[in-house]
Amino acid sequence: MKKKVVVSGIIMSLVSFSGMAKQFVLTDSEKGIAVGDWHVSNQTLNIANSTTFSVQNNVLKGGKQAGSEVITITSGDFIIKLSPTRGMGILSVEGEGIRLGWDSPVNEVVHPSFINLESRGGLGWLDGFNEMMVRCGFAWSGHATKADNMVYTLHGRAANTPVSKLIVDINDYAPYTITVKGLIKENTFKKSQLETWATLSYTPGSRSFIVKDTVTNQSDYPRDYQIIYHSNFGTPILEQGARFIAPVKQISPFNHYAISGLATWQTYLAPTPNFDEMVFNVIPYADKQGKTQVMLTNKDGDKGAGIAYNINQLPVLSLWKNTDTLKQGYVTGLEPGTSFAYPVTIERQQGRVPQLAPKQSVEFSLTYSLLANKADVTAYEAEIKAIQGTRQTSVLDKPLANE
Amino acid sequence: MKKKVVVSGIIMSLVSFSGMAKQFVLTDSEKGIAVGDWHVSNQTLNIANSTTFSVQNNVLKGGKQAGSEVITITSGDFIIKLSPTRGMGILSVEGEGIRLGWDSPVNEVVHPSFINLESRGGLGWLDGFNEMMVRCGFAWSGHATKADNMVYTLHGRAANTPVSKLIVDINDYAPYTITVKGLIKENTFKKSQLETWATLSYTPGSRSFIVKDTVTNQSDYPRDYQIIYHSNFGTPILEQGARFIAPVKQISPFNHYAISGLATWQTYLAPTPNFDEMVFNVIPYADKQGKTQVMLTNKDGDKGAGIAYNINQLPVLSLWKNTDTLKQGYVTGLEPGTSFAYPVTIERQQGRVPQLAPKQSVEFSLTYSLLANKADVTAYEAEIKAIQGTRQTSVLDKPLANE
Amino acid sequence: MKKKVVVSGIIMSLVSFSGMAKQFVLTDSEKGIAVGDWHVSNQTLNIANSTTFSVQNNVLKGGKQAGSEVITITSGDFIIKLSPTRGMGILSVEGEGIRLGWDSPVNEVVHPSFINLESRGGLGWLDGFNEMMVRCGFAWSGHATKADNMVYTLHGRAANTPVSKLIVDINDYAPYTITVKGLIKENTFKKSQLETWATLSYTPGSRSFIVKDTVTNQSDYPRDYQIIYHSNFGTPILEQGARFIAPVKQISPFNHYAISGLATWQTYLAPTPNFDEMVFNVIPYADKQGKTQVMLTNKDGDKGAGIAYNINQLPVLSLWKNTDTLKQGYVTGLEPGTSFAYPVTIERQQGRVPQLAPKQSVEFSLTYSLLANKADVTAYEAEIKAIQGTRQTSVLDKPLANE
């Protein structure tokens, strides 16, 4: 069934009404749909018995963010912001007075048309980087390098690809779970036809949300892919004495500079001038189903962020400690991935660049949790400790590779 | 005379009304005009005695095609789509159930602001390539190469240049020929001032149309130029046993890989995994006026596409056989040009880069025909055979150059 | 106080109404404001006793200028055009039948999304260059070079950065001075956080205007900066026998080609085929407060353009003589700067790349004057001569550096 409805003054295409979910198509390049500014809430949908919620889309204006869209999901004081124009990257999450995210010197949601990924020797991605979670991938990821007669630009193209389709589903029954999904096409003649449905699901009233991505190789040939879920947290969780907690099988320094930070990998410094960044390559333990989880907690253990996922999907994790000054971007990245952040050439050599067969899909699922108090933090840490159990952590004192 | 008219709900500037042609200015950067979505038809123009026709302009939405415009010319079941935003490239032509065009993995009409021609070592053009006919030029064309302290990017800039002016002329008398013309400016201080009026003319009821381009060197210095009319056909015409027919004076393999395909240059394979592409350099024969024509026909000889043009304008032709798998882009290119597809450095060495004197213009005219049945195909082939006559085809077994 | 007002049919945000100035926020990326087409005048503001004036903003259409905004300040026959989309560059100034500006082959106000600064080996800036005054900077300036694993593209990024904020202030009292200010952000994670308020002030009825820029290093680290105010004049002031007049302490040829023009550095040729460009490095004298001024006058000395500024802010000046043919861009640049136009690597070696401490700001102020008659020109020249006084001009016969 297909009909037109008017919600909060904007005409939308209500593509399906299954009795199970209301579906709102905000963008569809095939059907010529891009609704722009848009808003629904439990009230406009005549849902009386729900935790309050709203979902809105805004087209930004001014500077290098002109034309960028931002979806805001709100439920009570819990607010998730993501940008379909920037590959469904999650800008920030707030709840209980705690912010997941960080303060980048890049303080606009930069539209991809202003980004030249090849600039600064392949570091153009840094002109837009400010997300709480940015997908590094999918045709390649990692540090920039020249190989194969091209520049593999830093962390790939997905984050600077506007979605071709953008759909908001809201379950028609309690607890009215909201799902925002966007289609990211990395299509280049002869080179790439990876298409990714990137999804965020949130249940009103909750303090966690699920990221679920399906990457499909639409081509007739096997294709390499990589993904790093570059998940970034600054203040108020990150602070001097904040801790990174994970069930760690092996940890090693990314490069020589990180060797000096190996002894203190579990804790963080205050904002530290000239610290720049230290990166550690982590191989987590998991339970028998492959489930693992990692977290960041503040010093007092009453604020935190956790990520739960499966190491069969994402076997390695980059721990990025960028505890430089506040203005420089005081932030740490907990980055589950198929790969470490070495250039794709090194990742290939070391066997961390998987392939998709023609038409094959691969799914990644991560649950992000805002840990709002001591009980939350303690419980989450206990789950991590249970995964580690009595198993040892191997600390390598040399980098896996020289970049 | 200048007046405002309202046609199908949109206010347009009717710049001139000569009694000979109605002129609709859809875009004019000097006058601040860009009408966006727009539509006329024989009905809205009160033309009763005509074959039905309509011309419309649509602004696309979503993904990397946001903001791209597409002109659709329709007459009965005959439909031509072209994109003024992408240098007047012809996206597809359909009629009699036959499609001229192909299925690229690039399945959006990518807006130039999302294209970085320098990416992938100068192959960024591949991020947008899906046209039935794309102009490769005009300041340069051919494969990417580094020379003169710059990257000559693959096939030049014209296809990723939005037009500065876009005009639709509709003759005010039977048979009401429709002409769409767009102005492509390749202007760079000190480097280039080539301005091209790219034109497509179509007479309602016909199964052919004319491309006529005028390239003018607006600078005070002689300037190199190149053009390859990269004309691309996939299914349903291209299939196993499909044939390329042309009056051929000389044919040679583009590179070593193509040598193995030299014996079968006149026919095509079915979609063939790992075939990639074979290119042949063709020098056609013409009649005494320089007129030649080339064609592609399906195996049964009841569907085809033909291109008629003048070898005094376009002396060489690249035959591009990309009979790889369907998803990889099963397609062949019949590409009349001033030049072969070698990098501009090689084309210069071999004398295939002409120059325009200051203020000089050069014109190119090509008639594309959809051959809808056995009679069409047979007649078109007979004309080609008549041009060849008894003249020999020289088959060189070595490439003209090593790229 | 904050209220909404409607001026000439467009709703604007009137952010403050101090009793001293009316403030119109045309763009604010933080507040989601971008008013687009907009207009005020002394009449719409109910100012009766003023010299007439108007300020308008227009969003351009078509070609590569689609989306570019242009502010036009008009008072009587005096018209200033500047583009906030192109880093507040001044496109042209006209008054008394005299035009400050020039005719570039680039004849659209090219939107930055169509510019790839890295193209042509770092010369992509030339695809947009046509301003009367373009800011070269701020993170770097000068000729393109490869260093530090990146390309320092020609003349930096500021000119191709759309403003994040755009504010028009109009004094609420005679003579109702108009100030247009835009915020240019050069923000890149880990690399740059220079934020510049670029301002143009004009008093209705006057034939001069003031450019005042404040560059702030928002980062926690010292940062290099450079600025060249690339101020360009063609016909009708530039002509055979036109003169460059400045209080010159030292002048030297930029490169070997310019040596041959050293004897005639004070005068200009007619449009001269194959002249290309000659550049001279000038170190001006100033008065005791550092104030200096430079000018261009036509042959008869009845039309001119002058720039007054302080050498403590801008110690050096590049004199760019591009007296090639009219279509090639017959133009001269009088370019006060922190730096000459050598690549940043050379400017660093020679000590002309200053730094800003964390949070430090630096201000630049230049007064541009249209000299409309013999009296204007004579008086301006006399002021320059007074600065020179009896001090000698040192003419070096070798370039300061080999690029």
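The values are calculated or read from the model by the stated rules, or taken from the named source; none is laboratory data. What you see is a predicted model, and the numbers here were worked out from it, not measured in a lab. Because the Cβ atoms are built from the backbone with ideal geometry, glycine has one as well, and the counts that use them run over all protein chains shown. Only protein heavy atoms, including side chains, enter the accessible area calculation; ligands, DNA and RNA are left aside. Shrake-Rupley method; radii C 1.70, N 1.55, O 1.52, S 1.80 Å.
When chain A is described by a simple charge dipole with +1 on each Lys and Arg Cβ and -1 on each Asp and Glu Cβ, the residue from A:253, A:35, A:58 located farthest towards its positive end is A:35. Which one of C:110, C:214, C:373 is farthest out on the positive end of the charge dipole of chain C, using unit charges on Cβ (Lys, Arg +1; Asp, Glu -1) and the Cα centre as origin? The residue sitting farthest along the positive end of the dipole is C:214. For region C:234-315, the pair-distance distribution built from all alpha carbon pairs, in bins 10 Å wide starting at 0, is 17, 44, 34, 5, 0 percent.
Residue by residue, region C:361-372 carries 3J(HN,Hα) couplings of 10, 9, 10, 10, 9, 9, 9, 9, 10, 8, 9, 9 Hz when phi is fed to the Karplus relation 6.51 cos²θ - 1.76 cosθ + 1.60 (θ = phi - 60°); x denotes Gly or Pro. Here the scattering of region A:282-403 is modelled by Debye summation over its C-alpha atoms, one equal scatterer each and no solvent; at q = 0.09, 0.12, 0.21, 0.23 Å⁻¹ the log10 of I(q)/I(0) is -0.31, -0.55, -1.36, -1.43.
A straight line joining the Cα centroids of region B:179-210 and region B:97-131 runs 19 Å.
In the assembly of identical copies, residue C:386 has its label point, taken 7 Å from Cα in the direction of the beta carbon, separated from the corresponding points by 8.7, 8.7 nm (ascending, one decimal). Across region A:42-47, coupling constants 3J(HN,Hα) worked out from phi with the 6.51/-1.76/1.60 Karplus curve, θ = phi - 60°, read 4, 5, 5, 8, 6, 9 Hz, and Gly and Pro carry x. Of the residues C:358, C:315, C:271, the one that moves most in a GNM of chain C with alpha-carbon contacts below 10 Å is C:358.
Taking A:366, A:123, A:154 as the candidate residues, the one with maximal mean-square fluctuation in a Gaussian network model of chain A, Cα springs under 10 Å, is A:123. Expressed as a whole percent, the accessible area of chain A that falls on carbon and sulfur atoms is 51 (1.4 Å probe). The Kirkwood hydrodynamic radius of chain B, based on inverse pair distances between different Cα atoms, is 21.6 Å.
Accessible area per residue of chain A at 1.4 Å probe, in Å²?
Values: 14010 Å² over 403 residues.
On a per-residue basis, chain A sits at 35 Å².
When residue B:355 is represented by a point 7 angstrom out along its Cα-to-C-beta vector, the spacings to that point in the other copies are 5.0, 5.0 nm, nearest first. Using heavy atoms of the protein chains and a probe of 1.4 Å, the accessible area assigned to residue C:88 is about 10 Å². Convex hull volume per residue, computed on the Cα atoms of region C:109-231, equals 121 Å³. Evaluated with a Cβ-only charge set (Lys, Arg +1; Asp, Glu -1), chain C carries a dipole of roughly 660 debye about its Cα centre, given to the nearest 20. The residue of chain A whose Cβ sits closest to the rotation axis that maps A onto C, together with that distance in whole Å, is A:113, 2. Between residue C:191 and residue C:94, full extension at 0.36 nm per residue minus the direct alpha carbon distance yields a gain of 31.0 nm. Each stretch of four or more DSSP H residues adds -39500 (n - 2.57); spread over every residue of the protein assembly as shown, this sum gives -2000 deg cm²/dmol at 222 nm. Interface C-A: total buried accessible area of about 2600 Å², 1.4 Å probe, protein heavy atoms only.
Estimated translational diffusion coefficient (Stokes-Einstein, Kirkwood radius over Cα pairs, 4 °C, 1.567 mPa s) of region B:43-170: 81 µm² per second.
Relative to the longest principal axis of the Cα atoms of chain C, the long axis of helix C:374-388 makes an angle of roughly 60 degrees. Interface burial in region C:55-70, defined as at least 10 Å² less accessible area with all protein chains than with the chain alone at a 1.4 Å probe, covers C:61, C:62, C:63, C:64, C:65. For the residue pairs A:190/B:185; C:299/C:374; B:185/C:61; C:31/C:359; B:191/C:64, the alpha carbons lie more than 22 Å apart in A:190/B:185; C:31/C:359. Residues considered: C:52, C:188, C:153. Largest GNM mean-square fluctuation over chain C, using C-alpha springs under 10 Å, is found at C:188. All distinct Cα pairs of the protein assembly as shown go into the 1/r average, and the inverse of that average, the Kirkwood radius, is 32.6 Å.
For region A:222-262, the Kirkwood hydrodynamic radius from C-alpha pairs, put into Stokes-Einstein at 20 °C and a viscosity of 1.002 mPa s, yields a diffusion coefficient of 156 µm² per second.
Listed by chain and number, the lysines whose alpha-carbon sits under 23 Å from that of residue A:398, ignoring those within fewer than 8 places in the same chain, are A:249, A:321. In this label model, residue B:300 and residue C:382 are separated by 9.4 nm, measuring between points 7 Å along each Cα→Cβ vector. Hey, for residue A:273 with labels 7 Å out along Cα-Cβ, what do the inter-copy distances come to in nm, ordered shortest first? Nearest first, the other copies' label points are 6.2, 6.2 nm away. If R0 equals 41 Å, the separation of the Cβ atoms of residue B:287 and residue B:173 corresponds to a calculated FRET efficiency of about 0.85.
Rounded to the nearest 20, the Cβ-based charge dipole of the protein assembly as shown about its Cα centre (Lys and Arg +1, Asp and Glu -1) stands at 280 debye.
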